[in-house]
1. Among the lysines, select those whose C-alpha is under 16 Å from the C-alpha of LYS188, and discard any that sit fewer than 8 residues away in the same chain.
2. Report, in deg cm²/dmol and to the nearest 500, the calculated mean residue ellipticity at 222 nm for the chain, where each DSSP H run with n ≥ 4 adds -39500 (n - 2.57) and the sum is divided by the residue count.
3. Out of residues 5 or more away from THR159 or on other chains, whose amide H comes under 5 Å of its own, with H placed 1.01 Å from N in the peptide plane?
4. I'd like the distance separating the alpha-carbon centroids of the range 1-25 and the range 204-264, in whole Å.
5. Counting only protein heavy atoms and using a 1.4 Å probe, what share of the accessible area of the range 171-264 belongs to carbon plus sulfur, as a whole percent?
6. Given points 7 Å out from each Cα along the Cα-Cβ axis, report the PHE74 to HIS124 separation in nanometres with one decimal.
7. Determine the per residue accessible area of the range 159-231 with all protein chains present and a 1.4 angstrom probe, expressed in square angstrom.
8. I need the calculated FRET efficiency for the pair GLN48 and LYS7, taking r as the beta carbon distance and R₀ as 30 Å, to the nearest 0.05.
Amino acid sequence: MLTVVDKPIIQYVVDEALEAGIEHLVFVTGRNKHVIEDYFDIHFELEQTLKERAKKAEITLLQQQLPKAGTVSFTRQQEPLGLGHAVWCAREIVGDEPFALLLPDMIMKDEKGCMKGMMELYEHSGGNIIAVEECAPDQAHKYGIVGVGEAIGEGFRITGMVEKPAKGTAPSNFFINGRYILQPEIFKILETQERGAGNEIQLTDGMLKLLKEQDFAGYHFKGETYDCGAKDGFILANVAFALERADIRPSVEDGFRNLLGRLK
Ligand code: G1P
């Protein structure tokens, strides 16, 4: 629920999903995260106050952000056992259908949303798709890294993957950026997936097993991605998105130039 400029991070990801044509949103949350559920409901008191103050633009924005009734579901991951386990927690709601997965700490900036581009690739390729980007080789140990095969559309066939490879062992410098289109067979695999990197049940380990049975394509996203789960990424996201806003750009630019002047 932290905001980047003036919008909760979760809303950026929801907007990206909706732009790609996603019709039903499933949130896997944890204890004490009920504020997320409340956020996607009517804000009765707030709307009332805005009406009293004749804040029409703000009321319209609130109403636009309200999902259609019945299109949002919530489930809990009771214990933080890892991303693979969190995805598995959604199995009953998702059912036997392909689904998109968006990790909401990563927000992206481009003319076309990352998930929309992935959907376009999916229409041709089917199977499973993972969005990837290039990173500096010395950063590869922080992410899931894929092995690169022949070119397909705006991407390539994935030949392997590894979660948080030890330094110097990554199969490429293409890292998984937090956007996936997966087939439902992943759930069966995750049910018995053992713990991996960081002693967590890793989605990447489950996907590697699925790769033996199904195709995976890497969608090469060329926009900007900000990791809002990291302090520096969160700060940079605020600056990058603020610079796109006509109302605050001049003052942010001035302030930022000023701060940069302090750098040696
Ligand atoms: C998760 C995934 C990893 C991916 C990353 C992107 O890791 O397991 O493959 O590269 O998200 O943010 P986490 O950030 O949860 O450690």
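The values are calculated or read from the model by the stated rules, or taken from the named source; none is laboratory data. As the structure is a computational prediction, the values presented were derived from the model and not from experiment. Counting neighbours? That spans all protein chains shown, and the Cβs are built from the backbone with ideal geometry, glycine included. We work out accessible area using only protein heavy atoms, side chains counted, and drop any ligands, DNA or RNA first. Shrake-Rupley method; radii C 1.70, N 1.55, O 1.52, S 1.80 Å.
1. The qualifying lysines are LYS209, LYS212.
2. -10000 deg cm²/dmol
3. GLY147, VAL148, GLY149
4. Distance between centres, Cα-based: 15 Å.
5. Ligands and nucleic acids excluded, carbon and sulfur reach 52 percent.
6. 4.0 nm
7. 48 Å²
8. Numbers: r = 22 Å, r/R0 = 0.73.
So the FRET efficiency works out to roughly 0.85.
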